[in-house]
Amino acid sequence: MFLPLDDKQFGFWAMRRGGAANITIANQFGISRQAVSRALLLMDGKIESTLREMAAANQITVEKVNVEKGVLLGRSIPFQTPAIIFVSEKHGVQVWYEHDGDCGACQRYTECIELLWDYAAELGIRITKTADPTKMAEELFEKVKAMA
């Protein structure tokens, strides 16, 4: 499923995830609280569908879904490891598997660091600055699991 990251409904959802109340969103956009609530209900459905479809496509059994945070916790059937699927405002929908990577030899090193910092910032989570994306991911996702 396509997740419209530039859609106004998604913007409302991202604001709510960041802690904004419906009335705050409504006032900022000059619309009613009911309009915000309807938009959020629609976006919640799209977020949940997208997370569940990604889980099915990646053979991940679903353990927990938090639509308001845009996160699905599960377990990869083929890899036999915990997995997390999350919605990032900047990076779209991402699937991560718990693993010990050789980050220093990976071509995606910088991309992973950026994604982890961006996602932590989107959720308002502070993580320890380190040169090892695997350690950053472990810390971040432990905190995400606690809030999910």
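The values are calculated or read from the model by the stated rules, or taken from the named source; none is laboratory data. Because the structure is a prediction, the values reported are computed rather than measured. Methodologically, a virtual Cβ is constructed for each residue, glycine included, from the backbone with ideal geometry; neighbour enumeration extends over all protein chains shown.
Does residue 47 satisfy the criteria of being surrounded by 14 or more Cβ atoms within 10 Å (Cβ to Cβ) and either touching a strand residue (DSSP E or B) at 6+ places or on another chain (Cβ under 7 Å) or at pLDDT below 95 (or both)? First the steps, then the outcome.
Working: surrounded by 14 or more Cβ atoms within 10 Å (Cβ to Cβ): yes; either touching a strand residue (DSSP E or B) at 6+ places or on another chain (Cβ under 7 Å) or at pLDDT below 95 (or both): yes.
It is true that residue 47 is surrounded by 14 or more Cβ atoms within 10 Å (Cβ to Cβ) and either touching a strand residue (DSSP E or B) at 6+ places or on another chain (Cβ under 7 Å) or at pLDDT below 95 (or both).
Checking the structure you have, find out if any residue of segment 45-54 is in contact with a Lys or Arg (Cβ under 8 Å, 6 or more places away or on another chain) and of a type in the set (A, V, I, L, M, F, W, C).
no
Got at least one residue in segment 19-34 being in a loop (DSSP other than H, G, I, E, B), touching a residue at least 40 places away in the same chain (Cβ under 8 Å) and surrounded by fewer than 17 Cβ atoms within 10 Å (Cβ to Cβ)? Can you show your working first?
Restricting attention to segment 19-34, the residues satisfying the condition of being in a loop (DSSP other than H, G, I, E, B) are 19-21, 30-32.
Filter once more, so that each one left must be touching a residue at least 40 places away in the same chain (Cβ under 8 Å): 19.
Right, trim to surrounded by fewer than 17 Cβ atoms within 10 Å (Cβ to Cβ) and you get 19.
Checking segment 19-34: at least one residue is in a loop (DSSP other than H, G, I, E, B), touching a residue at least 40 places away in the same chain (Cβ under 8 Å) and surrounded by fewer than 17 Cβ atoms within 10 Å (Cβ to Cβ).
Residues checked against (1) touching a residue at least 24 places away in the same chain (Cβ under 8 Å); (2) under 16 Å from residue 148 (Cα atoms):
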site	(1), (2)
47	yes, yes
84	yes, yes
103	yes, no
116	yes, no
124	yes, yes
128	no, no
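When you look at residue 148, is it more than 15 Å from the chain's Cα centre (by Cα), of a type in the set (A, V, I, L, M) and either farther than 19 Å from residue 7 by Cβ or surrounded by fewer than 18 Cβ atoms within 10 Å (Cβ to Cβ) (or both), yes or no? Working first, answer last.
On the way: more than 15 Å from the chain's Cα centre (by Cα): no; of a type in the set (A, V, I, L, M): yes; either farther than 19 Å from residue 7 by Cβ or surrounded by fewer than 18 Cβ atoms within 10 Å (Cβ to Cβ) (or both): yes.
So residue 148 does not fit the description; no.
Look through segment 1-18, keep the residues that are charged (D, E, K, R) and in a helix (DSSP H, G or I), and return whichever of them is surrounded by the fewest Cβ atoms within 10 Å (Cβ to Cβ). Walk me through how you get there before you give the answer.
Going residue by residue through segment 1-18, those that are charged (D, E, K, R) are 6-8, 16-17.
Next, from what is left, pick out any that are in a helix (DSSP H, G or I): 8, 16-17.
Working: 8: 12, 16: 20, 17: 20.
Restricting to residues being charged (D, E, K, R) and in a helix (DSSP H, G or I), the top hit is 8.
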